[in-house]
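The values are calculated or read from the model by the stated rules, or taken from the named source; none is laboratory data. Bear in mind that the values here come from a model prediction, so they are computed numbers and not experimental data. Here the Cβ positions follow ideal geometry from the backbone for every residue, glycine too, while neighbour counts run over all protein chains shown.
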Amino acid sequence: MKDLLSMTLPELQTAFAEWHQPSYRANQVFEWLHVRKVSDFAQMTNLPSTLRTKLNAEFCINRLFIVRKLASCMDDTVKYVYQLPDGQHVETVLMHYHHGWRLCISTQVGCKMGCQFCASTIAGFVRNLTPAEMLLQINETERDAGVVISGIVLMGIGEPLDNFKHVMTFLELLSHPKGRNMSLRHVTISTCGIVPKIRELADRKTGLTLAVSLHHAEDTGRSRIMPINRKYSLSELMEACAYYFSMTGRRVTFEYAVMEGENDSPEDAAALAELLKHQQAHVNLIPVNTVRERGYHATRKAAEQFMQLLRELGINATVRRTLGSDIEAACGQLRHEADELSGRSERFAVCNSDRHGSDS
């Protein structure tokens, strides 16, 4: 059965028209799903019982289960491991900033990109997340934490632009005026650099913030740690980023994981300054997370020293604010550990009417 939460309003209207139902019924269902965030057709009390029965027979509304939750003692950061309907796991991180609550969500189970410093690739790629599974990370986190999410970062497990179709549907649902109605100016998409999709995203003129994971300023070094660079070179990537800015007016953020002895020398800073000299860009420096299966490491001091080198070369750079440092785990590592500990847990969310109310 198809998860109703993944359907756009036009898709709902088409389905209801085929059932000879008035279009306002589709609007009512859309509001129940995206404004009231119900998880049971029985809760849609302004629908006729016959329609609710038909919906329950044809569609489902899934939920996610919290299988692990780490709350920081230093700030308000909370890291979740969610179990999906098929028993797979993804990570979600809740962060508090002065302007509100932001949520970092996953877009895939695993990742194909193979970046050498990232834990998300260790267990391999399993599948794309559906639009509903991306939305549910928001809904379930708000329900558990008792907060309202005001900003979204697609920077968890997976490459968002490798799941382009579902991510675009997710954004349509997230921003729909009859639904959550979140401005896409409050959404950041992070990519390792899938050039054709960056250009396609630019053409859509959504208002999104684009964050490009750069991590090296020369093709040889970047290709060594990021296989995507063997397909799309840095020159192609920079052209796509310039195109994104020209089409949207939105400054591109370049993410740069500082790795001591790998990409943090004065020569690396000079190469990065040269690469970005014609970009309207901001560089966000991140001391690389330590992953037990990888050999990369860095301290915040090393990142700050590299920041100073860049600033002296005229590059706008900052070191990312550290949140939840006492529960630090590289992106993808908690999911990997959850899979190892559970041996693929038998407690699955089942997409049918019998499972509603059984997940407390």
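Observations on the structure shown:
- Count - residues of segment 4-50 that are of a type in the set (Val, Ile, Thr) and modelled with pLDDT under 95: 0
- Count of segment 183-206 residues which are under 16 Å from the mean Cα position of the chain (by Cα), buried (at least 21 other Cβ atoms within 10 Å of the Cβ) and part of a helix (DSSP H, G or I): 2
- Number of residues in segment 247-269 that are in a helix (DSSP H, G or I), surrounded by fewer than 15 Cβ atoms within 10 Å (Cβ to Cβ) and either touching a helix residue (DSSP H, G or I) at 6+ places or on another chain (Cβ under 8 Å) or at pLDDT below 95 (or both): the value is 2.
- When 49, 72 are checked against the criterion of being assigned by TED's automatic domain parsing to the domain that holds residue 175 and more than 19 Å from the chain's Cα centre (by Cα), 72 stands alone in meeting it.
- Single residue of 75, 86 found to be assigned to a loop (DSSP other than H, G, I, E, B), of a type in the set (Asp, Glu) and farther than 25 Å from residue 5 by Cα: 75
- Among the residues of segment 124-134, none qualifies, meaning not one is β-branched (Val, Ile, Thr), touching a Leu at 6+ places or on another chain (Cβ under 6 Å) and touching a residue at least 24 places away in the same chain (Cβ under 8 Å).
- Segment 295-327: number of residues that are closer than 22 Å to residue 212 by Cα and either modelled with pLDDT under 65 or part of a helix (DSSP H, G or I) (or both): 12
- Test: residue in segment 59-67 that is exposed (fewer than 15 other Cβ atoms within 10 Å of the Cβ) and either closer than 22 Å to residue 177 by Cβ or modelled with pLDDT under 95 (or both): no
- Here residue 120 meets the list (1) over 20 Å from residue 4 (Cβ atoms); (2) in a strand (DSSP E or B) almost entirely, failing just condition (2).
- Among the residues of segment 89-117, those identified as over 16 Å from residue 150 (Cβ atoms), not small (Gly, Ala, Ser) and not in a strand (DSSP E or B) are 107, 111, 112, 113, 115, 116, 117.
- Against the test of being crowded, with 21+ Cβ neighbours inside 10 Å, among the charged types (D, E, K, R) and either within 30 Å of residue 229 (Cα to Cα) or within 18 Å of the chain's Cα centre (by Cα) (or both), the options 142, 133 yield a single qualifying residue, 133.
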